[in-house]
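Written below as structure tokens is the structure these notes are about.
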Amino acid sequence: MKIAVALENNNGLDSIVAYRFARAPFFAIIEVENGKVKKLEIIPNSYGGGARGVGPAVANWLANMGVKIVVGPHIGPNAAMALRNLGVEFRQVSSGTRLAEVMRILGFSM
Amino acid sequence: MGEPIEIVVASGKGGTGKTTFSAFLISFFAERGIGVVGVDADVEAPDLLLALGGAEEEYREDVYDSQVAVIDYDKCVSCGICFDSCRYGAIEWRNGPIVINEMCEGCGLCSMLCPVGAINVKTIKTGSIVFGKTKYCDVVTGELEVGRKHSGRLVEIIKNKARKFDPSYVVVDAAAGTGCPVISSISGSDFLVVVVEPTQYSIRTASKIVEIGKIFGVRMGVVINKYDMNRSFLNHIYEWASKLGIEILGEIPFDESVIRAYSEMRSLMDFAPDSQAARSMRRAAERLLVMLNG
Amino acid sequence: MVKKTMIVSVGGGKGGTGKSFISINIASALAMKGHKVLLVDADVESPIDHMLLSIRREKILDVFGFEPVIVPTLCTGCGKCVEMCPAHALVGKKGDIPTLISELCEGCAICMYVCDVKAIEEGKRRLGAIYRGSNGELDLIQGEVNAGVKQHIYVILYTLREASKVFGHYDFVIIDSAPGTGAGVWLTLREANLVIAVTEPTPLGARDLEIFLNLASKLNKDVVVVLNKSGLPGGRREQIVRISEKFSAKLFNVYYSYDALRTYIDSVPIVRMLPKSKVALSIFRIADHIEKLYNSR
């Protein structure tokens, strides 16, 4: 299963959760199997600089990547609607939280 | 550092005192040593810098974010396919060449359909961002090119610029109305201050602002400005706010000091800090702080 | 010889200067002089002219914009419409039937055009409505956009289009436009024979007046400046006078008075309720000037 975490920076496990979901500069894409992390990569958010509909654009991109759970700070109504329509679950975690801590909250081990 | 708390001040109807309250709120934070950045989201008629006593220094950045379709008349054969397809009323054709006007959204449909490839979408200037340093804090102002669309996008951009200063609070002075720039101002904010005056016209439009606030799930509070202009209407406002479940942050009387301060190009906090208007606005601001931190 | 209809657009840039107050009173003043007057309320985000004139309005028509309707039996889930939508209003994984986020849709119809299997049909989204009414003296046509709808400019366009169908029946058409200086206001100024810029004697009013007059001059319009709330204590006239001169615009004063405030709150035009008041007389002076321009056309 794939999980995406909206990140403010790329500093490995010390990266912090972004302040805004759709315009987050990076996303961590985590592949999990049987509760254990198989793969983790941090990629830039190429949709973050868009003019409009950024939330849905990012939601689309992540969903098409196979992401089933998205983690981030609060999201607006458009992003929420998009994720819902795409069958992607959203979990809120405060911005500034370290990625390692997010993984712990979600219950995954490296 | 955490994310700044964003307060947006809107009203719907113009002239109710949004800018006056925004400016006062900004000076209120600054005087208490609380980090704040102001945003003038009234991009078609920006006044916030003036209300804060002007900027000591300014610099500008142009924003090129608007897309419009442009016809290459060397290629155009006047078939009219573009004219038939445009949903925005942006393509005009009356005795002469086909013309694309200010309504163009730059969606690119006409460009896609043109059989001779005579239409291209290009990027033009949306407006400018002005960074000003007032005696209280930095203020980011958006200035839309006259006659342009895309004000909502410019508002988003200036809010992002303000956040980069990393203050504790961002105060956004929204435009009048309930359209795109106002929706953009309210979107993503943490608290919406609805400024009303005691007339049915003001409440009618303020109701739409509250509706937008509810869609975005933003916390709200009401400030009644110039309350003494029509005291008999106040009960009606209390009922309205109560029915909507919104708290009244404060009531400000009509006070000549406000206009005199503008006339002297000074902020109210600076010009008449003990005026009735200033004192009641201070109380409203204190109430707001309690609501934000409580 | 029948004179051609004169279109007067009232704007000003800054909200709250009294555009609507001036619009309804000038319209009423011209009607009182025996002219056939149509007032068009194009302030679609917060139209109040029907309230100011105590007119009971009735809906003429709804304004609809395009919205895609995906036919599930024809959709192949190719995702082309999702990719091409400039507003990212369509979401869906490849292979799935996309869904629409109505609030984001701008109605461009690109999705319908790019669909290879004709699986997208033309649907309608209600953007707002156009109303009409009359108080026996003048007629009103008004547009209103639904809260949260982004395409308010489209509703203004439709309101003007609908109203223009009957322009020929009137001597004067007064268009009360929205505050601001963007595309919506541009639309209301476009067809005007005369533009009235309503401002107030404050540095804010002056600043926004200059921006507005810039727009009017870009469109080569004749302008008259109405300095509303003139005499406001602490206000500054000189700036307004200078700006008006810069744009060669004639300046009229309408004085700040408690009477004006009362008639505003009581929903009666001051020219009707207190025709001998200083405010009403100033408005009649403006109406006279407009009439003179009309006669000399």
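The values are calculated or read from the model by the stated rules, or taken from the named source; none is laboratory data. This one's a predicted model, so the numbers in the text were calculated from it and none came from an experiment. A quick note on method: Cβ atoms are made from the backbone with ideal geometry, for glycine too, and the neighbour counts reach across all protein chains shown.
Things worth noting here:
- Every pair of residues 6+ apart whose Cβ atoms lie under 7 Å, when the first sits in segment B:219-242 and is more than 14 Å from every other protein chain (Cβ to nearest Cβ) and surrounded by fewer than 19 Cβ atoms within 10 Å (Cβ to Cβ) while the second is assigned to a helix (DSSP H, G or I) and modelled with pLDDT of 95 or more: B:Trp240/B:Ile203
- Where a residue in segment B:270-288 is on the phi > 0 side of the Ramachandran plot and its partner, wherever it lies, is basic (Lys, Arg) and at pLDDT 95 or above, with Cβ under 9 Å and at least six apart: none
- Filter pass, B:Ser11 being out of contact with any strand residue (DSSP E or B) (no Cβ under 6 Å at 6 or more places or on another chain) and assigned by TED's automatic domain parsing to the domain that holds B:Gly177: no
To keep it simple, each residue is scored yes or no on (1) assigned to a strand (DSSP E or B); (2) touching a strand residue (DSSP E or B) at 6+ places or on another chain (Cβ under 8 Å).
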residue	(1), (2)
B:Val195	yes, yes
B:Gly221	yes, yes
B:Ser232	no, no
B:Ile248	yes, yes
B:Arg282	no, no
B:Met291	no, yes
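- Scope segment C:242-270; condition in a helix (DSSP H, G or I) and either aromatic (Phe, Trp, Tyr) or under 22 Å from C:Val223 (Cβ atoms) (or both); matching residues: C:Arg242, C:Ile243, C:Ser244, C:Glu245, C:Lys246, C:Tyr258, C:Tyr264
- Search result, residues across segment C:64-107 that are more than 8 Å from chain A (Cβ to nearest Cβ), in a helix (DSSP H, G or I) and closer than 24 Å to A:Gly76 by Cβ: C:Cys81, C:Glu83, C:Met84, C:Ser102
- Failed item in (1) over 16 Å from B:Ile157 (Cβ atoms); (2) at pLDDT 95 or above; (3) in contact with a Ser or Thr (Cβ under 7 Å, 6 or more places away or on another chain), with B:Phe29 passing the rest: (3)
- In segment C:9-63, of all residues being polar (S, T, N, Q) and assigned to a loop (DSSP other than H, G, I, E, B), the one that is farthest from C:Lys150 (Cα to Cα) corresponds to C:Ser54.
- Subset of segment A:81-109 that is surrounded by fewer than 18 Cβ atoms within 10 Å (Cβ to Cβ) and of a type in the set (Gly, Ala, Ser) - its residue that is farthest from the chain's Cα centre (by Cα): A:Ser109
- Among the residues of segment A:65-103, those that are more than 13 Å from chain C (Cβ to nearest Cβ), without any contact (Cβ under 8 Å) to a residue 60 or more places away in the chain and either part of a strand (DSSP E or B) or farther than 15 Å from B:Gly217 by Cβ (or both) comprise A:Glu89, A:Phe90, A:Arg91, A:Gln92, A:Glu101.
- Qualifying residue in segment B:63-81 (condition: under 30 Å from B:Tyr262 (Cβ atoms) and either without any contact (Cβ under 8 Å) to a residue 60 or more places away in the chain or not in a loop (DSSP other than H, G, I, E, B) (or both)): yes
- Of all residues making up segment B:96-139, the number that are without any contact (Cβ under 8 Å) to a residue 60 or more places away in the chain and within 11 Å of chain C (Cβ to nearest Cβ): 14
- A:Ala4 crowded, with 18+ Cβ neighbours inside 10 Å, of a type outside the set (D, E, K, R) and more than 23 Å from B:Glu156 (Cα to Cα): yes
- Only listed residue being among the charged types (D, E, K, R) and in a loop (DSSP other than H, G, I, E, B), chosen from C:Glu137, C:Glu122: C:Glu137
- Selected residue [on the phi > 0 side of the Ramachandran plot, surrounded by fewer than 24 Cβ atoms within 10 Å (Cβ to Cβ), in the same structural domain as C:Ser177 (by TED's automatic domain parsing) and among the polar types (S, T, N, Q)] from C:Asn214, C:Asn220: C:Asn220
- From the options C:Gly182, C:Gly168, residue that is buried (at least 20 other Cβ atoms within 10 Å of the Cβ) and either at the interface with chain B (Cβ under 8 Å from one of its Cβ atoms) or in contact (Cβ under 8 Å) with a residue 12 or more places away in the chain (or both): C:Gly182
- In segment B:197-213, the residues that are in a loop (DSSP other than H, G, I, E, B) and more than 7 Å from every other protein chain (Cβ to nearest Cβ): B:Glu197, B:Pro198
- Residues located in segment A:8-60, provided they are among the charged types (D, E, K, R) and not in a loop (DSSP other than H, G, I, E, B): A:Glu31, A:Glu33, A:Lys36, A:Lys38, A:Lys39, A:Glu41
- Residue satisfying condition, being over 28 Å from the mean Cα position of the chain (by Cα) and either farther than 30 Å from C:Ser20 by Cβ or among the charged types (D, E, K, R) (or both), within set C:Glu121, C:Glu103, C:Glu67: C:Glu121
For (1) modelled with pLDDT of 90 or more; (2) surrounded by 24 or more Cβ atoms within 10 Å (Cβ to Cβ); (3) outside the structural domain of B:Phe29 (by TED's automatic domain parsing), each residue gets a yes or a no:
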residue: B:Val139; (1), (2), (3): yes, yes, no
residue: B:Arg148; (1), (2), (3): no, no, no
residue: B:Arg153; (1), (2), (3): no, no, no
residue: B:Lys161; (1), (2), (3): yes, no, no
residue: B:Asp173; (1), (2), (3): yes, yes, no
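- Looking across segment B:147-176, the residues that are assigned to a loop (DSSP other than H, G, I, E, B) and either in contact (Cβ under 8 Å) with a residue 12 or more places away in the chain or closer than 23 Å to B:Thr16 by Cα (or both) come down to B:Gly147, B:Arg148, B:Lys149, B:His150, B:Phe165, B:Asp166, B:Pro167, B:Ser168, B:Ala174, B:Ala175, B:Ala176.
- Look at (1) of a type outside the set (Asp, Glu); (2) part of a loop (DSSP other than H, G, I, E, B); (3) within 24 Å of the chain's Cα centre (by Cα) and you find that C:Lys276 fails only one, number (3).
- Entry remark, segment B:21-46: residues being in a loop (DSSP other than H, G, I, E, B) and in contact (Cβ under 8 Å) with a residue 40 or more places away in the chain number 8 in total.
- Single residue of segment B:127-137 satisfying the filter (touching a Gly at 6+ places or on another chain (Cβ under 7 Å) and in a strand (DSSP E or B)) that is nearest to B:Asp270 (Cα to Cα): B:Ile129
- Condition broken by B:Ala277, with the remaining ones in (1) surrounded by 21 or more Cβ atoms within 10 Å (Cβ to Cβ); (2) in a strand (DSSP E or B); (3) of a type outside the set (Lys, Arg) satisfied: (2)
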